[in-house]
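Since the structure comes first, as structure tokens, the remarks are kept for the end.
The values are calculated or read from the model by the stated rules, or taken from the named source; none is laboratory data. Here the structure is a predicted model, which is why all the values come from computation and not from measurement. No Cβ is skipped: glycine too gets one built from the backbone with ideal geometry, and neighbour counts run over all protein chains shown. Remember, those area values only see protein heavy atoms, side chains included, never the ligands or the DNA or RNA. Shrake-Rupley method; radii C 1.70, N 1.55, O 1.52, S 1.80 Å.
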2 protein chains.
Amino acid sequence: MQKTENIFEAEADRGSAGEGLTKIDPAISRLIDHTILKPDATEADVVKVCQEARRYGFASVCVNPFWVPLVRAELAGSPVKVCTVIGFPFGAGATETKVAEAETALRGGAQELDMVINIGALRSGEEDTVRLDIRQVAEAAHRAKAIVKVILETALLDDDQKAAACRLAKRAGADFVKTSTGFGPGGATAHDVALMRAVVGPEMGVKASGGIRTLSDLKTMTAAGATRIGASASVKIVESSAV
Amino acid sequence: MQKTENIFEAEADRGSAGEGLTKIDPAISRLIDHTILKPDATEADVVKVCQEARRYGFASVCVNPFWVPLVRAELAGSPVKVCTVIGFPFGAGATETKVAEAETALRGGAQELDMVINIGALRSGEEDTVRLDIRQVAEAAHRAKAIVKVILETALLDDDQKAAACRLAKRAGADFVKTSTGFGPGGATAHDVALMRAVVGPEMGVKASGGIRTLSDLKTMTAAGATRIGASASVKIVESSAV
């Protein structure tokens with residue numbers, strides 16, 4: 001693990017009383033979109049995730065769109081970004097709806113949009129449909145100074161389709177490609193992250209998400225080329241990075 | 001199985017050459033929303049489902065919103081309805097987005113909208129949020145002479161929450177309550193269908209969906225009070241109803 005001087009002190013909010021203050025590696029925390037996307041998450045669950053994100057200095061809190069205004073309020077004054085999802089988790093809506101959803105989220109305070117590609121269109125060879133779908137959401141995001149990450153749902157694609165999706169996302173002006181929703185038949189793999197990094201080059205971000213539950217998982221993904229990690233086990237991951 | 005005089009002849013499109021024509025019970029076919037909602041469904045998959053629905057006389061074809069214009073074209077001139085899903089499968093979007101999605105689908109030709117409730121809001125006790133979310137989608141549907149079915153995702157709710165959701169759907173002017181998305185941790189049960197029927201009374205429809213794969217499953221659900229069935233194994237179900 002990389003040692004760093006600007007260690008920040010975080011109060012452990014769980015575990016045994018003996019833990020007290022632990023020192024967390026902020027270079028790890030800053031990689032992580034602290035994520036709660038399960039459909040039955042309650043207001044109390046979302047508030048707790050926001051408090052954890054402030055405490056640990058995560059990159060963002062990632063929630064379903066309904067919760068964006070609450071998360072903006074909870075994170076006010078902190079450097080933690082508000083991240084939400086568009087067309088999630090199937091990506092099978094109309095482009096018009098994805099744009100409307102993006103605009104509503106941006107007005108509500110979202111700064112990062114993780115959109116799902118039109119998986120069925122890609123698998124039907126309709127590459128223009130996929131590209132224009134991404135482009136319209138990316139343009140809406142950029143008008144609001146937000147960024148867009150493009151979720152491929154790699155477990156439903158073969159390698160050619162993954163590469164095609166990366167090229168389309170890049171051409172469409174997206175900021176990141178992202179492996180998985182976390183609700184598909186599989187999550188991030190080092191193979192997919194490396195493939196995606198090879199296709200998009202160094203200019204774009206690559207976010208690995210789905211099944212990343214340990215510091216070792218995280219390091220496997222960053223070694224393969226990931227520059228952002230989506231996780232819900234984020235607190236456990238950073239606490240195991242404590243020095 | 002109920003015998004009926006207006007048996008309609010359906011050509012079996014699969015199975016061995018020896019099958020030839022089978023006689024299907026149209027009272028069974030007419031109960032079923034023939035459904036393809038998996039996110040990786042291709043254009044060819046959707047077209048095939050439309051052809052099956054015409055041949056067997058299903059109530060509707062139920063697809064993700066991107067496919068609505070294609071399904072409208074494929075079903076033109078048939079009595080089979082175009083059904084789509086709103087806020088699917090998490091229900092955790094903004095009401096504004098659900099309404100925009102509904103309006104786009106209705107313009108595209110949708111005649112039935114299966115919307116997912118805001119599960120997290122319900123579980124947080126925000127009943128007004130849940131009711132107004134349903135009401136705005138129902139009003140959009142009714143303006144276009146379409147109907148709305150309200151998906152509870154029963155596997156994520158306790159019985160009190162299921163009953164509350166049914167009352168809210170009824171007060172909001174919905175046409176049906178529906179058990180499940182088919183992508184949650186559980187599908188339709190006779191217990192839930194009976195509970196839903198008891199709460200909404202005889203005036204509303206009850207749709208059972210999720211895990212209904214046989215004629216016996218279907219009959220269990222109708223006996224419990226279901227008046228519509230969502231299934232993807234619809235062809236197998238009606239072929240086993242052949243007389």
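A few comments on the model shown:
- Remark on B:S209: its backbone amide H falls under 5 Å from those of B:T179, B:S180, B:A188, B:G230, a criterion applied only to residues 5 or more positions apart or on other chains, H modelled at 1.01 Å from N.
- Rough spin-label spacing in nm, given labels placed 7 Å along Cα→Cβ, for A:A27 and B:L132: 4.8 nm
- Entry comment: accessible area of the range B:64-226 is 35 Å² per residue, from protein heavy atoms only and a probe of 1.4 Å.
- Nitroxide proxy distance, nm - points 7 Å out along Cα→Cβ at A:K38 and A:R54: 2.4 nm
- Of A:K162/A:K207; A:K178/B:K98; A:K38/B:K170, those spanning more than 21 Å from alpha-carbon to alpha-carbon: A:K178/B:K98; A:K38/B:K170
- Solvent-accessible area of chain A (1.4 angstrom probe, protein heavy atoms only): carbon and sulfur portion equals 50 percent.
- Whole-Hz Karplus values for the range B:133-140 come out as 4, 5, 4, 5, 6, 4, 5, 4 Hz, taken residue by residue from phi with 6.51 cos²θ - 1.76 cosθ + 1.60 and θ = phi - 60°; glycine and proline positions read x.
- Cα-derived Rg to Rh of chain A, Kirkwood definition: 0.97
- The string of couplings for the range A:201-206 from the Karplus curve (6.51, -1.76, 1.60, θ = phi - 60°) is x, x, 6, 9, x, 10 Hz, one whole number per residue in order, with x for Gly and Pro.
- Absence of a disulfide-compatible partner, taken as no other cysteine beta carbon within less than 4.7 angstrom, is noted in chain A for A:C50, A:C166.
- Shown is the FRET efficiency for B:A190 and B:V47, computed with R0 = 35 Å from the Cβ-Cβ distance and rounded to the nearest 0.05: 0.55.
- Between the amide H of A:I86 and those of A:D114, A:M115, A:V116, distances stay under 5 Å, these residues lying 5 or more places away or on another chain, with hydrogens modeled in the peptide plane.
- Label points for B:A194 are taken 7 Å from Cα along Cα→Cβ. From this copy to the others they lie 5.6 nm apart, shortest first.
- Distances from B:A242 to itself in the other copies, using label points 7 Å out along the Cα-Cβ axis, amount to 6.7 nm in increasing order.
- Nonlocal amide H pairs with B:V80, under 5 Å, H built at 1.01 Å: none
- Remark on the range B:35-57: accessible area falls by at least 50 square angstrom from chain-alone to full-complex state for B:P39, B:D40, probe 1.4 angstrom.
- Chain A residue with Cβ closest to the axis mapping A onto B, distance in whole Å: A:A100, 2
- Interface between chains A and B: roughly 2700 Å² of accessible area buried, both sides summed (probe 1.4 Å, protein heavy atoms only).
- Shielding of B:122-135 by partner chains, average beta-carbon count, 10 Å: 2
- Each other copy places its own label point for A:R107 at 1.6 nm from this one, sorted shortest first, where the point lies 7 Å along the Cα-to-beta carbon line.
- Cα centroid separation, the range A:205-232 to the range B:119-175: 37 Å.
- B:K38 accessible area, 1.4 Å probe, all protein chains in place, Å² to nearest 10: 100 Å²
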